[in-house]
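**Q** A single structure is presented below for examination.
The values are calculated or read from the model by the stated rules, or taken from the named source; none is laboratory data. Given the structure is predicted, the values throughout are model-derived calculations rather than measurements. Positions of Cβ are backbone-derived with ideal geometry, glycine not excepted, and every protein chain shown enters the neighbour counts.
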Amino acid sequence: MRIPRRCGLLSFILLPLLGFFVAPPASAKIDYRISLADRANHRFAVTMDIHNPVTNTQIAIPAWNALYQIRDFSVRVRDVHLDPTYPIRKVDKQTWSIGDPMNPLAGNVPDDFVVHYTVEWNDPGPFDSQLDARHAFLNLAEVLMYVPNRRPEAVEVAFDDVPAGWKVAAELPAGSEPNSFSAPSYDVLVDAPVEAGTFRESSFDVDSVHYRVILDSTVSGSGALDANLRKIVSYESTLMQGTPFREYTFFFHIGAYPDVGGGGMEHSNCTAIAAPTVDSATATAAHEFFHAWNVKRVRPKSLEYIDFSREQYTRSLWFAEGVTSAYAAFTLERTGLWSKDLFLMDLGEQISDLQSRSARSWQSVEESSLDAWLEKYDSYRAPDRSISYYNKGQILGDLLDLSIRQATKNHKSLDDVLRLLNDEYAQKGKFYDESAGILSAVNDVAGMSFADFFHRYVSGTDEIPYAQFLSYAGLDLKEESQVTSDLGFWPGQARGAKIPTVATIEAGSPAEAADLRVGDDIIRLNNEPFPHQFRNWLRNQPPNATVTLRVRRDGKELDISYRMASVETDHFSVSEDPHPTDLQRRIRDGFFRGTTD
């Protein structure tokens, strides 16, 4: 999963633990129908046909999906009823029970229950679902209920009332009728998003794998997208020595839609990405495609099996997400989509970002992974409250690669660790044991213990000696003090949210004096949308410049202007030492090219 800076969580593949589930009847099956008729009110009308039910069957809708956030999708559900008429009662906020033991009809169970309900969604992908006049996008776990003890059985979903001229696409086998899809289980079904509309579709093949591109775009220049994707999938598939699928689909929403979301969401055999430009969509695709291995198949035990009803905690998002970000950057540089200078600039920006967050002194990257469920709270994202497992995880990925190359005189790299994890876990249907499993693989590849590295920088909060690690490749770290503007507040934006809000305000700042308030929605900044690369924007503002914010407060829009204060910050940059030793040169070449000696 990739958040708007470079990323996103997560939607997951289930490899069912057979002992957990009650075996369904031999001929059991669940069929869904989704009507797209009520586009004006953004309501999906759903029917759920439960064949061969038993007394007191329960149905539920997930509390979370796509993001590490309890979002209670049941709040969007209305008018749940049965056909034929039969007792149904709500058990908790997301669960209903069909059949009432106190009702004399409870023993007379029909052959089929058809559950009817509507669910309202008008939030942009890739983390949400949407139905409007332009298109429909569905993360099916946000729309479809399930029978908790019958998740492993076959399912089919059909789409009704599809407007003339619209097409429907999903990375699933075709169902028994037009605009329908089948899956061997609920979990496989909801791991495949659906796009319906007048999208453009293209395809290409690489090494006998078929790739589809489903594109809904308002920008020009999208013709370069397929060529960029071909480079990404070719490099990453070769790196991982083959793909675990024969077909893969990219879903893109690219452009300046009024309500466009941002970021990417990984799925087992596809990804959904929203981005303002083709370049940013390409960068996100490099991250999301690598998730086909790292997190979807090379996966921690703590995320198996999926519990849709409550939080699932893991300490290893720094590896699942952060190291995936490292490989996105590696891929872009090694395929020529990024220059070497751009790669080094990005690495410097990552270091600058981490060093600007005072929370690094007390929150480890493992704790940041555990606390992912707090990211829906804007105040949590403030620099003195948290670090990002994406950010520090990406840095650690780079430093692990350099350290393994140093320890093995450039005969091994982090690439070998990923391949080992793939062989030992994904290929055998097993899951690794959090950071301990990753450490074991690193030790095996490096031929020495990396326990101290993990103790200090993964589970611990020691300051990272960047210059030492970078010197292995003859790379120099430069630190400069810069005077930049200070907005006087910290913006927060949960993943998938349309606009940011004011999360915290500095006491005594010009922002506070201008009556900006925590919780204000930020509609415009200097008459432009709030910048995705907020830190870069702020760094380029002259000190003491005047800023104008259009905010929404209590349903009213206000303009607030003030002169920003200035602040001194540290900025880091990475460059090549012009006189490396022989080993430094070989490690540097391997680092940039993805090769070993």
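**Q** Working only within region 71-85, note down all residues that are part of a strand (DSSP E or B) and on the phi < 0 side of the Ramachandran plot.
**A** Val77, Arg78, Val80, His81, Leu82, Asp83
Yes or no, residue by residue, for (1) under 25 Å from Val233 (Cβ atoms); (2) surrounded by fewer than 23 Cβ atoms within 10 Å (Cβ to Cβ); (3) in contact with a Cys (Cβ under 6 Å, 6 or more places away or on another chain):
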{"site": "Phe289", "(1), (2), (3)": "yes, no, no"}
{"site": "Tyr313", "(1), (2), (3)": "no, yes, no"}
{"site": "Phe330", "(1), (2), (3)": "yes, no, no"}
{"site": "Phe343", "(1), (2), (3)": "yes, yes, no"}
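**Q** Follow-up question, since we're still on this one. Quick one: would you say Arg134 is at pLDDT below 95, within 30 Å of Pro276 (Cα to Cα), of a type in the set (Lys, Arg) and assigned by TED's automatic domain parsing to the domain that holds Ile34?
**A** In short, yes.
**Q** Got at least one residue in region 59-77 being assigned by TED's automatic domain parsing to the domain that holds Val188, buried (at least 21 other Cβ atoms within 10 Å of the Cβ) and over 26 Å from Thr271 (Cα atoms)?
**A** Yes, the conditions are met somewhere in region 59-77.
**Q** Across region 399-440, what is the number of residues that are basic (Lys, Arg), part of a helix (DSSP H, G or I) and over 19 Å from Ser302 (Cβ atoms)?
**A** Result for region 399-440: 2.
**Q** If I filter region 363-381 down to residues being under 18 Å from the mean Cα position of the chain (by Cα) and not in a helix (DSSP H, G or I), which single residue comes out as surrounded by the fewest Cβ atoms within 10 Å (Cβ to Cβ)?
**A** By that ranking, first place goes to Tyr377.
**Q** Hey, another quick one. Tell me yes or no: at least one residue of region 105-116 is farther than 17 Å from Pro148 by Cβ and at pLDDT 95 or above.
**A** Yes, region 105-116 contains at least one residue that is farther than 17 Å from Pro148 by Cβ and at pLDDT 95 or above.
**Q** Next question. In region 481-597, which strands (runs of 3 or more DSSP E) lie fully inside it and hold 1 or more residues that are at pLDDT below 85 and more than 31 Å from the chain's Cα centre (by Cα)?
**A** Because the criterion is at least 1 residues that are at pLDDT below 85 and more than 31 Å from the chain's Cα centre (by Cα), the strands (runs of 3 or more DSSP E) in region 481-597 that meet it are 565-576.
**Q** Suppose we keep only residues that are among the charged types (D, E, K, R) and outside any strand (DSSP E or B) within region 233-256. Which one would you say is nearest to Ala329 (Cα to Cα)?
**A** Only one residue fits best here, namely Glu236.
**Q** Inspect region 261-271 for any residue being buried (at least 24 other Cβ atoms within 10 Å of the Cβ), in a strand (DSSP E or B) and in contact with a Cys (Cβ under 8 Å, 6 or more places away or on another chain) and give the result as yes or no.
**A** yes
**Q** Can you report the number of residues in region 428-457 which are more than 23 Å from the chain's Cα centre (by Cα) and farther than 22 Å from Gln363 by Cβ?
**A** Matching residues across region 428-457 total 11.
**Q** Can I ask one more? Would you call Trp318 among the hydrophobic types (A, V, I, L, M, F, W, C), at pLDDT 95 or above, surrounded by 20 or more Cβ atoms within 10 Å (Cβ to Cβ) and under 26 Å from Arg535 (Cα atoms)?
**A** The answer is yes for Trp318.
**Q** Go through (1) aliphatic (A, V, I, L, M); (2) in a helix (DSSP H, G or I); (3) buried (at least 18 other Cβ atoms within 10 Å of the Cβ) one by one and return the number of the condition Leu337 breaks.
**A** The single condition Leu337 does not satisfy is (2).
**Q** Given the conditions (1) over 14 Å from the mean Cα position of the chain (by Cα); (2) closer than 26 Å to Ser459 by Cα, and given that Ser280 satisfies all but one, which numbered condition is not satisfied?
**A** (2)
**Q** Here are Asp216, Asp226: which of them is assigned to a strand (DSSP E or B) and not assigned by TED's automatic domain parsing to the domain that holds Phe159?
**A** Checking each option against the conditions leaves just Asp216.
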